[in-house]
Amino acid sequence: MKDNTENTYSNDNDRRKFLAKSLVAGAGLALSPLLSVAAKDRPSNSSNEISDQPLLKDISMMKRKLGKLEVSQLGAGCMTISANYGPPVDKAYGIKVIREAHEQGVVFFDTAEVYGPFTSEILVGEALQPIRNQVAIATKFGFDGKDMQTLNSRPEHIKKVVEDSLKRLRTDRIDLLYQHRVDPNVPIEEVAGTVKDLIGAGKVLHFGMSEATAKTIRRAHAVLPVSAIQTEYSIMNRDPEENGVLDVCEELGIGFVAWGPVGLGYLSGQIDATYKFEENDGRAGYDRFQPAALQANMPFVNLLRDFARRKNATPSQIALSWLLAQKSFIVPIPGTKNLNHLHENLGSTTVKLSVEDLKEIRNRLANINVKGGRMSPKLFADVEKE
């Protein structure tokens, strides 16, 4: 089903030259996908040039289902606007990015109390308040409010977090409430029961889980239907295919929300072993973002670049298109604090990979092994394992 709003991007050469020179980005303007990467973010040895990149094609945002919750086929991850990957952007600009996403057909916005902490929810709440009834907001509980590092899914804490999140989000209900990480000290049945009570009170509409195992998902679903599972998933990190999580989602009718769909920026092709991270960029402490791993994992980027050339697209667009082609219940939520990145991501919905393309990608991936853990050891310690 198509969204009501369609946006046309011009393909004429004069506009291409104008955009390449001026780096203008705005609603209704044609944009070169590579404009999504600011010059300061490009490695000095980048082989890409703005003038060589294609303009975005017409975007028609389709809808997908997360359980019974209907959302846009691409969501917007809002964490990076105000937290975690470098300094936050100016509030007015952050609001502009969020509202522009909606103007282009995105109706699904993802945040969490721990992002900032709190600043992401505050920003999302202010940005979406004027269009609250046109969008679905997802947020999360699961960490202790004192230090935001200790897991806490006790019923009384969940209820307090929801009340606080509602205030920050300037709303009377949360469309999708995730348990951010499984708390080994609280039975998942108790967690699901608490969320069920919140749904009964009208404060929450749907229940989700993040980074949970297939076994725990089944246990939770038996108490309260789970609408969505959120886990890192990309062409470089395909754990959900191997650990049974995607299978259980398909079996039980649960949607899958893919965070990190562009490899936390790595699959864009704009990060290499010489990349210098900004202050407060958490990726600097991730195993996969150490120089040796960045170099070793370049075969993934080269694969995407190959298909990007064939499809008149960018590596990021191929990465997102690949995810969209895996299952009809998968909704990637690429995050960005940059309008140009946003337009590039949305352009992925126009990129079509054939059955033959997908088969070739799979065959080539079989010969590529990822190097380095997908998080820092500290963060990965909170991820539920089998």
| Which residue, of VAL135, VAL97, VAL71, is open to solvent by less than 20 Å² (accessible area, probe 1.4 Å), of a type in the set (Val, Ile, Thr) and free of Cβ contacts under 8 Å to residues at least 60 places away in the same chain? | VAL135
| message | Can you confirm whether LEU205 is closer than 30 Å to ILE131 by Cβ and open to solvent by less than 40 Å² (accessible area, probe 1.4 Å)? | response | no
| task | Can you confirm whether region 174-182 contains a residue that is in contact (Cβ under 8 Å) with a residue 12 or more places away in the chain, over 20 Å from ALA228 (Cβ atoms) and touching a helix residue (DSSP H, G or I) at 6+ places or on another chain (Cβ under 9 Å)? | result | no
| task | Report, by residue number, each residue of region 122-152 that is among the small types (Gly, Ala, Ser) and touching a His at 6+ places or on another chain (Cβ under 9 Å). | result | ALA127, ALA136, ALA138, GLY142, GLY145
| Looking only at residues in region 56-68 that are at pLDDT below 90 and open to solvent by 10 Å² or more (accessible area, probe 1.4 Å), which one is nearest to VAL135 (Cα to Cα)? | SER60
| field | Those residues of region 210-245 which are more than 23 Å from PHE143 (Cβ to Cβ) and either open to solvent by less than 10 Å² (accessible area, probe 1.4 Å) or charged (D, E, K, R) (or both), in sequence order | value | ARG218, SER234, ILE235, ARG238, GLU241, GLU242
| request: Give the residues of region 363-384 that are loosely packed, with under 11 Cβ neighbours inside 10 Å, at pLDDT 95 or above and either in a helix (DSSP H, G or I) or not aliphatic (A, V, I, L, M) (or both), sorted by residue number. | output: ASN363, ASN367, ASN369
| query | under 18 Å from the mean Cα position of the chain (by Cα) and part of a helix (DSSP H, G or I), is that true of SER328? | reply | no
| query | Does region 280-319 hold any residues that are open to solvent by 50 Å² or more (accessible area, probe 1.4 Å), over 16 Å from VAL370 (Cβ atoms) and touching a residue at least 60 places away in the same chain (Cβ under 8 Å), and which are they? | reply | ASN280, ASN312
| query | Got at least one residue in region 236-254 being basic (Lys, Arg) and over 20 Å from the mean Cα position of the chain (by Cα)? | reply | no
| query | Within region 100-120, which residues are open to solvent by less than 30 Å² (accessible area, probe 1.4 Å) and among the aromatic types (Phe, Trp, Tyr)? | reply | PHE108, PHE109, TYR115
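For (1) in a helix (DSSP H, G or I); (2) open to solvent by 30 Å² or more (accessible area, probe 1.4 Å); (3) on the phi > 0 side of the Ramachandran plot; (4) of a type in the set (S, T, N, Q), each residue gets a yes or a no:
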{"site": "GLN129", "(1), (2), (3), (4)": "yes, yes, no, yes"}
{"site": "LYS140", "(1), (2), (3), (4)": "no, no, no, no"}
{"site": "ASP147", "(1), (2), (3), (4)": "no, yes, no, no"}
{"site": "HIS157", "(1), (2), (3), (4)": "yes, no, no, no"}
{"site": "GLU163", "(1), (2), (3), (4)": "yes, yes, no, no"}
{"site": "LEU166", "(1), (2), (3), (4)": "yes, no, no, no"}
| field | Output for region 168-183, where each listed residue is within 17 Å of GLU384 (Cα to Cα) and outside any loop (DSSP other than H, G, I, E, B) | value | TYR178, GLN179
| query | Of everything in region 285-325 that's small (Gly, Ala, Ser), over 19 Å from the mean Cα position of the chain (by Cα) and in a helix (DSSP H, G or I), which residue is nearest to PRO261 (Cα to Cα)? | reply | ALA308
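The values are calculated or read from the model by the stated rules, or taken from the named source; none is laboratory data. Given the structure is predicted, the values throughout are model-derived calculations rather than measurements. Quick reminder, even Gly has a Cβ in these numbers, built from the backbone with ideal geometry, and neighbours come from all protein chains shown. Note: accessible area is taken over every heavy atom of the protein model, side chains too, but ligands, DNA and RNA are not part of it. Shrake-Rupley method; radii C 1.70, N 1.55, O 1.52, S 1.80 Å.
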